[in-house]
Every structure is written in C-alpha cells, then in structure tokens.
C-alpha cells in the first residue's frame, strides 16, 4: 500500500519542522554564555584535552592521537573518556579494524564551535 500525496506532504512538513527546531536549539546553545563557559571549564579541567580535541579534525584511533599529540596511550585514553563523558566527542568502531575505536567530533562541534573554544584554551 503506497503513501498518498497527502501523507508524503505531511511527512515532508514534519521533517522541515524538526530541522527548524534543531536549528533553533543549536542557535540557542551557541548564544548561551553558560554553554561556552561549560566547554571552557572542561577543556581546562583535563590537561591536553583541547589539544586532543583539535587533533580530531577527522576521525582518528587512539594510536593516531598518541602519535599526533605526543601523549601516552594512558593519557589519551583518559582524555578521550573525559571528552566523551562531556558529550564533546563520540566513539565508533573502526570499519577497517573492528578491534579499534575511532574518536570523532559530533554535532556539538557544529552547535558550539568547540574547536574555536579549544583553541582559545590553548592560549
């Protein structure tokens, strides 16, 4: 049983409304000094976390992060866990090696511009 034109139109309108709500939420967060302060405090709370965050310009595994940042495996692991707990990054299985995790920036980057905040914390 196929969808009617009316149903297709309603689904399309619903998708547009959801996209608009998401955009308003992102704008509200980006303008909220408390959200920016929250991000700054967590980058400063864990030494080298801003450096590791900035290294994630594209998804990377733990070994790549260690090599780029010259940090130990234990330190990179702790920092990535910290960043993930704050919701700044996500982790996903590496499609090329199922035993490895890839760390990547998520929508918070787009919402708050965390890379800009991280660069400010390095100064």
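The values are calculated or read from the model by the stated rules, or taken from the named source; none is laboratory data. Here the structure is a predicted model, which is why all the values come from computation and not from measurement. Neighbour counts are summed over all protein chains in view; Cβ atoms, including those assigned to glycine, are modelled from backbone coordinates with ideal geometry.
Annotations for the structure displayed:
- In the range 98-111, residue surrounded by the most Cβ atoms within 10 Å (Cβ to Cβ) [restricted to those that are closer than 18 Å to residue 63 by Cβ and in contact (Cβ under 8 Å) with a residue 40 or more places away in the chain]: 103
- For the range 80-97, the criterion of being touching a residue at least 12 places away in the same chain (Cβ under 8 Å), over 11 Å from the mean Cα position of the chain (by Cα) and under 12 Å from residue 48 (Cβ atoms) is met by at least one residue.
- Residues in the range 50-63 that are farther than 14 Å from residue 109 by Cβ and touching a residue at least 40 places away in the same chain (Cβ under 8 Å): 51, 60, 61, 62.
- Within the range 28-46, the set of residues being exposed (fewer than 12 other Cβ atoms within 10 Å of the Cβ) and either within 19 Å of residue 85 (Cβ to Cβ) or in contact with a helix residue (DSSP H, G or I) (Cβ under 8 Å, 6 or more places away or on another chain) (or both) comprises 34, 37, 41, 44, 45.
- The criterion of at least 3 residues that are modelled with pLDDT of 90 or more and under 16 Å from the mean Cα position of the chain (by Cα) is met, among helices (runs of 4 or more DSSP H) falling completely within the range 1-75, by 33-45, 49-55.
- Selection within the range 76-101 - touching a strand residue (DSSP E or B) at 6+ places or on another chain (Cβ under 7 Å) and in a helix (DSSP H, G or I): 80, 83, 84
- Among residues of the range 64-77, those that are under 20 Å from residue 99 (Cβ atoms) and in contact (Cβ under 8 Å) with a residue 12 or more places away in the chain, counted: 3
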